1. Return yes or no: is residue 115 closer than 23 Å to residue 318 by Cβ, in contact with a helix residue (DSSP H, G or I) (Cβ under 8 Å, 6 or more places away or on another chain) and either modelled with pLDDT of 80 or more or crowded, with 23+ Cβ neighbours inside 10 Å (or both)?
2. Checking the conditions here, which among 439, 407, 395 is surrounded by fewer than 20 Cβ atoms within 10 Å (Cβ to Cβ), within 30 Å of residue 298 (Cα to Cα) and at pLDDT 90 or above?
3. Among (1) surrounded by fewer than 21 Cβ atoms within 10 Å (Cβ to Cβ); (2) closer than 23 Å to residue 83 by Cβ, which single condition is residue 182 missing?
4. Examine segment 161-182 for a residue that is outside any strand (DSSP E or B), at pLDDT 90 or above and within 30 Å of residue 314 (Cβ to Cβ), and state whether such a residue exists.
5. List the number of the failed condition for residue 152; all other conditions in (1) over 24 Å from residue 74 (Cα atoms); (2) without any contact (Cβ under 8 Å) to a residue 40 or more places away in the chain hold.
6. How do the pairs read when you match residues in segment 301-319 that are on the phi < 0 side of the Ramachandran plot with residues anywhere that are in a strand (DSSP E or B) and modelled with pLDDT under 90, using Cβ under 6 Å and keeping only pairs 6 or more apart or on different chains?
7. Does residue 155 satisfy the criteria of being outside any strand (DSSP E or B), surrounded by fewer than 23 Cβ atoms within 10 Å (Cβ to Cβ) and at pLDDT 90 or above?
């Protein structure tokens, strides 16, 4: 019992030390099939092929992105990396999440970088970004894999990395399970192949709040036949938020110094105990509205073939630069800072905890909603949005409508100077807040 309790505390600390949203997101990457698994069924649905240009190697060195200037803030940038290490040998960092901790504003921004992003690796030419870390080990780069990865990110994205944390997939199930599982509000239904009880089955996860054990969390992070890498990046950040929430409930900050040696057995990192102790308190103080997620997705990249024929994603610099600028701008300055509306979400459906799902979805957009439980009826077909502010233009109404996919006819304007909340959302069974901009499919 004592050993299990220590393991549970250890997992929580690993998350907390890396500044609110930390190391364990690196674990939520697409894991290879287990050794006892066969290949997926031949009937696995495949995406429609996408025509892609072939890159002409006019130059081996691209023009680097302009370096962002974070000098107005006290910022720490940490790279969270998940490797596919399996018993030694070469590996790739197939999950890459940059966590930017703004200690001036007390905010955190996350940026997911696609594993196939085609970048210039110093000394090695154009390659996928997920090969940079091991390449540093292979060529004996000064500072090794971590240094070459940091140099690659700085050159191509203009982001100076202070620290890194690397975890392989072997500990993922153990980490989730020692936490007692994690609750994940799933806003988009997911169907994909899953290996269970010795065979591949089509597994369906509906909208709702799901308690996921290690196996389910791995499946949720790696599923791709019905979606793509961009969706996986978002699901990985969903798992990270869920792990963070669970870790906070363990209240293990006072044990950090005693557990530090155990932590470094699990996580390869250049963060020291002193830095960890400085970052840990932010995890207890952070509000979810001060966490912001960013992605280099289909608007910022194009599918292409490298000169050697590999499928890669090439940067589209103008929209990518915009994402990087927003990544560095504190959430409180990006949106909703002046208005800070109060929002109540009620569940008007027979499906349990949908109010929590919708509230979590709104939190991703910077709101601080309250999941208020069942509505007066569970027979609502359409989601209804009540606006008690009367500030139609320039208010949060348009963003709420877009995020929750509420049409004009389902918006009720009822200005009330004595209102208890600014907006009330009553969910109907047609509720759908799937993220539309991640809709492009991966090529074959």
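The values are calculated or read from the model by the stated rules, or taken from the named source; none is laboratory data. Quick caveat, the model's predicted, so the values are computed rather than measured. Positions of Cβ are generated from backbone atoms using ideal geometry, with glycine treated the same way; all protein chains shown enter the neighbour counts.
1. yes
2. 407
3. (1)
4. Within segment 161-182, one or more residues are outside any strand (DSSP E or B), at pLDDT 90 or above and within 30 Å of residue 314 (Cβ to Cβ).
5. Only one criterion is unmet by residue 152, namely (1).
6. These pairs meet every condition: 305/54.
7. Answer is yes for this residue.
Table: residues versus (1) over 30 Å from residue 434 (Cβ atoms); (2) not in a helix (DSSP H, G or I).
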residue: 149; (1), (2): yes, no
residue: 215; (1), (2): no, no
residue: 225; (1), (2): no, yes
residue: 237; (1), (2): no, no
